[in-house]
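For reference, the structure is listed below as structure tokens.
The values are calculated or read from the model by the stated rules, or taken from the named source; none is laboratory data. Being a predicted model, the structure only gives us computed values, none of them experimental. So basically every Cβ, Gly included, is an ideal-geometry build from the backbone, and we count neighbours across all protein chains shown. These area figures cover heavy atoms from the full protein model, side chains too; ligands, DNA and RNA do not enter into them. Shrake-Rupley method; radii C 1.70, N 1.55, O 1.52, S 1.80 Å.
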Amino acid sequence: MPRSKHSPEFRARVSQEYIDGIGSVHFLANKYGIGYSTLRGWINEYKLHGISAFSHKKNRTYSKEFKIKCVEAVMNGEGSVDDIIARYGISSRCVLRQWIKVYNANRELKDYDPKQ
């Protein structure tokens, strides 16, 4: 998956505009040409972690146990997919959705190490 073409500062600024009430998610997404769900994810991460949420430079490592913990958090109603990716610092919605898909198909979630 390609990295964001938007700088961490830009993502923080747009998220802060939403928090400051400058516009709705739809207004700001249209204004800056960003997907609605992408912007919602930015806002959730920014609220929890500030600008540091956007400063990841390399692929993240996820253990099997971590994946199961995140999937079960969604399945148990502890939060939406967006809430869980923000809370646990998962790289994107599609990553968590893929884990859920594998989990629901009764297939094994495996450790991931980007250095391999």
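Here the dipole of segment 1-84 is about 480 debye; that uses its Cα centre as origin and unit charges on the Cβ of Lys and Arg (positive) and Asp and Glu (negative).
By the compact-protein rule of thumb, 2.2 N^0.38 Å, the alpha-carbon radius of gyration of the chain corresponds to a ratio of 1.12. Once both labels are positioned 7 Å from their Cα atoms along Cα-to-Cβ, the gap between Met75 and Glu17 label points is 4.0 nm.
Please sort 89-99, 42-52 by packing, taking for each peptide the average over its residues of neighbouring beta carbons within 10 angstrom, highest first. Write down the numbers at each step before the final one.
Numbers: 89-99: 15.9, 42-52: 17.5.
Descending mean neighbour count gives 42-52, 89-99.
May I ask you to give the percent of accessible area on the chain that is carbon plus sulfur, with a probe radius of 1.4 Å? About 50 percent, which is the carbon plus sulfur part of the accessible surface. Of all aspartates and glutamates in the structure, the ones whose alpha carbon falls short of 16 Å from that of Lys110, not counting any fewer than 8 places away in one chain, are Glu65, Glu72.
Counting heavy atoms of the protein chains only and a 1.4 Å probe, report the per residue accessible area for the chain as a whole number of Å².
Details: 7200 Å² over 116 residues.
Accessible surface, normalised per residue, equals 62 Å².
Among the listed pairs Lys31/Lys64; Lys47/Lys67; Lys31/Lys67; Lys31/Lys69; Lys47/Lys69, those with a Cα-Cα distance over 31 Å are Lys31/Lys64; Lys31/Lys67; Lys31/Lys69. Given their separation in residues at 0.36 nm each and the Cα-Cα distance between them, Arg107 and Glu9 gain 31.4 nm when the chain is fully extended.
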